[in-house]
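Worksheet: one structure, shown below.
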Amino acid sequence: MRRPGSIEAMAELEMGRAKHRGKVLRRLLGELRPHAGTLTVAMVFILVGAACQALGPYLMSRAIDHDIGSGDGWGLLRTMGVLFVVYVVGLLTQQAQTRRVGHTGQHVLSDLRLRLFARLQQLPLSWFDRRPLGDLMSRMLSDVDTLNQLFAQGLTQLLGSLLGLVGVLVAMFALNWRLALACFSLIPAIVLTTWFFASRARNAYRKTRQTVGDVTANLQEEIGGVRQAQAFNRTEKNIERFRDRNAANRDANVAAVGITSAFSPAIDLLSTLSTALVIGYGGALALSGQLTVGGVAAFLIYVQQFFRPVQLAASVAALMQSALAGAERIFSILDETTEPPDVSGAVELGPLQGQVVFEGVSFGYDAARPVLRDVSFHLEPGQTLALVGRTGAGKTTVASLVPRFYDVTGGTVRVDGHDVRQVTRASLRRQMAMVLQEPFLFSGKVADNIAYGKADATREDVEAAAKAVHAHDFITQLPQGYDTVLGEGGATLSQGQRQLLAFARAVIANPRVLILDEATANIDTRTEALIQLALGQLLSGRTSIVIAHRLNTIRHADLILVLEHGTVVERGNHEELLAKGGHYAELYHQQFRDTPEPTVKALG
């Protein structure tokens, strides 16, 4: 067994990292495989460009040795004409290769972004519970953008530089192999220098990708909670917290830039040494008649052409390291396990009656920490179940198991006698609707937000749903009525108005099972009264599961479960539970000790 920190252990660790980086790079290059035809054409242009690059100095040496040396003016003019054509062809091929590689890169990025979005849509809710939204946004935007820079700039430069180097090497050996070997004596130093900086840049840019994710996540969180921050006088603490994360990102980028900025001067030094070598040794060869003056001049140009792509490799290497770090984070999402597929032979549910049964259900987001323990109940079609309990008791978890947002770890959830794990998710969820305490409205028209619950909804369907939940009146008072464009989250509307739109969205879906998760907790009394009047008719014939802090909304529920630490501690209807004088009665009397009896008919 090797000691941690020993040379052998460090070597193994670096070897493992190198293998992982190679795997990421191969996978990234594999994304180009469907575009092999376009890339082949681009490679032809790159080869032509490399040939033009290598041919230029040769033509210059010929002009010096043959045309100028012999006083052949017309010959010099012809050589310069050929040189002009060579450089024009080189420029045209460079433009053509850049267009084709860029075209390919954009198609790859578009496909990658689409697959990334699709995978995020398919991941189970438990996956999102463990990850900040800002970090996911960073991967979708910032990390993909680093790949955009690589495909748009770096890939063309990298391929052109590599093939250009090959052309220069061939030309140098063809011109004078002795001087070429002398110049190549510096290649080991170039390789070591490149490896030294690249290995450090790789780790530095991985750190920049991580820290920018932290900054984005913190920014998303703090902007979303700005009201709470001001209400609780947390602005200074939040600024300090963001300052720390921003400073970490700044330091990571400064370190990365410091590493890459030192690369070019190091290569410049090696380039200067090569130039001095060509002048010294090449001059000696010229004096001995083994090399012409034009050959020395051509070698000086070839040395510059050799080191130009090496210097360019500094920026390309930095871009490559940043792109590999971004690709690693993107691939980590693409490799995440999606929701378990429907089992073989899964039943496609027809129209539901609405029976919901829990049989000894247990569940835990973490297998070692169960959230629900042995929960059982039987709900007939059209009945209303109310879930009551303090925060964290497991109410929302119970409701989330019905549409199979999560799979139970013990027991069975049945809908119309079917184990929900044995039916297709699509056929199950299309007959259910959920309204949350904090409704999410999308950027777009009011009508589109309501129609979100039914893809083929007509304007008449939308207005009928709005009228059913008494939202029609306030909608018609908006500047453009149903065509009013809402900002993200519907921030221009009141909490009650947003909730009414969420109810209309649920109504238009015409669900057989309706789940109301604290849906009336944050609205004013008048809006709640409107909702109760509407829901009294809307829930008729539908099975409903209601989670509410306001116990007056569930007085007429068919069954009330009181949850405590994931366990059902009481069950019955309102009158039965009050008569028991237990947890429910205590909660009820706490709420209404100083409050008159509600006059609005509740759910049921």
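Among the candidates Ser126, Ser138, single out the residue that is part of a helix (DSSP H, G or I), over 30 Å from Leu401 (Cβ atoms), among the polar types (S, T, N, Q) and within 27 Å of the chain's Cα centre (by Cα).
On the way: Ser126 fails: over 30 Å from Leu401 (Cβ atoms).
Result: Ser138 is the single residue among Ser126, Ser138 that is part of a helix (DSSP H, G or I), over 30 Å from Leu401 (Cβ atoms), among the polar types (S, T, N, Q) and within 27 Å of the chain's Cα centre (by Cα).
Say we look at the stretch 255-288 and pick out the residues that are of a type in the set (Val, Ile, Thr) and under 22 Å from Tyr58 (Cα atoms); which of these is surrounded by the fewest Cβ atoms within 10 Å (Cβ to Cβ)?
Residues of the stretch 255-288 of a type in the set (Val, Ile, Thr): 257, 259-260, 267, 272, 275, 278-279.
Right, trim to under 22 Å from Tyr58 (Cα atoms) and you get 272, 275, 278-279.
Numbers: Thr272: 12, Thr275: 17, Val278: 24, Ile279: 14.
So the residue we want is Thr272.
Close contacts from the stretch 429-441, counting a first residue that is modelled with pLDDT of 80 or more and a second that is part of a strand (DSSP E or B) and among the hydrophobic types (A, V, I, L, M, F, W, C), with Cβ to Cβ under 6 Å and a gap of 6+ residues or different chains, come to Met432/Val513; Ala433/Leu514; Met434/Ile515; Val435/Leu516; Leu441/Leu486. In the set (1) surrounded by 14 or more Cβ atoms within 10 Å (Cβ to Cβ); (2) at pLDDT below 75, the condition left unmet by Asn238 is number (2). Looking only at the stretch 477-497, residues that are of a type outside the set (Phe, Trp, Tyr), touching a strand residue (DSSP E or B) at 6+ places or on another chain (Cβ under 9 Å) and not in a loop (DSSP other than H, G, I, E, B) come to 3 in all. Annotation note: of Arg421, Arg429, Arg459, the sole residue that is under 27 Å from His549 (Cβ atoms) and basic (Lys, Arg) is Arg429. Based on this model, can you work out whether Val168 counts as closer than 30 Å to Thr338 by Cβ, at pLDDT 75 or above and surrounded by 15 or more Cβ atoms within 10 Å (Cβ to Cβ)? Judged against the criteria, Val168 is not a match.
Evaluate the stretch 548-566: report whether one residue or more is β-branched (Val, Ile, Thr) and within 27 Å of Ile508 (Cβ to Cβ). Looking through the stretch 548-566, at least one residue is β-branched (Val, Ile, Thr) and within 27 Å of Ile508 (Cβ to Cβ). Filtering the stretch 97-115 for residues that are part of a helix (DSSP H, G or I), of a type in the set (A, V, I, L, M), modelled with pLDDT of 80 or more and loosely packed, with under 15 Cβ neighbours inside 10 Å leaves a non-empty set. Any chance the stretch 289-298 includes a residue that's within 42 Å of the chain's Cα centre (by Cα), surrounded by 13 or more Cβ atoms within 10 Å (Cβ to Cβ) and not hydrophobic (A, V, I, L, M, F, W, C)? No, there is no match, as no residue in the stretch 289-298 is within 42 Å of the chain's Cα centre (by Cα), surrounded by 13 or more Cβ atoms within 10 Å (Cβ to Cβ) and not hydrophobic (A, V, I, L, M, F, W, C). Here Asp342 passes the criteria (1) out of contact with any Leu (no Cβ under 9 Å at 6 or more places or on another chain); (2) at pLDDT 85 or above; (3) surrounded by 15 or more Cβ atoms within 10 Å (Cβ to Cβ) except the one numbered (2). One residue stands out in the stretch 559-586 among those that are in contact (Cβ under 8 Å) with a residue 60 or more places away in the chain and part of a loop (DSSP other than H, G, I, E, B): the one that is farthest from Val361 (Cα to Cα), namely His565.
Considering Thr476, Thr492, Thr409, which residue is within 30 Å of the chain's Cα centre (by Cα), hydroxyl-bearing (Ser, Thr, Tyr), over 30 Å from Arg373 (Cα atoms) and surrounded by fewer than 16 Cβ atoms within 10 Å (Cβ to Cβ)?
Working: Thr476 fails: within 30 Å of the chain's Cα centre (by Cα); Thr409 fails: over 30 Å from Arg373 (Cα atoms).
Going through Thr476, Thr492, Thr409 in turn, the sole match is Thr492.
Checking each residue in the stretch 442-462 for being surrounded by 15 or more Cβ atoms within 10 Å (Cβ to Cβ) and closer than 26 Å to Thr543 by Cβ picks out Asn449, Ile450, Ala451, Tyr452, Gly453, Lys454, Ala457, Asp461, Val462.
The values are calculated or read from the model by the stated rules, or taken from the named source; none is laboratory data. All figures in this text were calculated on a predicted structure; none of them were measured in a lab. For neighbour counting, all protein chains shown are included, and Cβ atoms are generated from backbone atoms with ideal geometry for every residue, glycine included.
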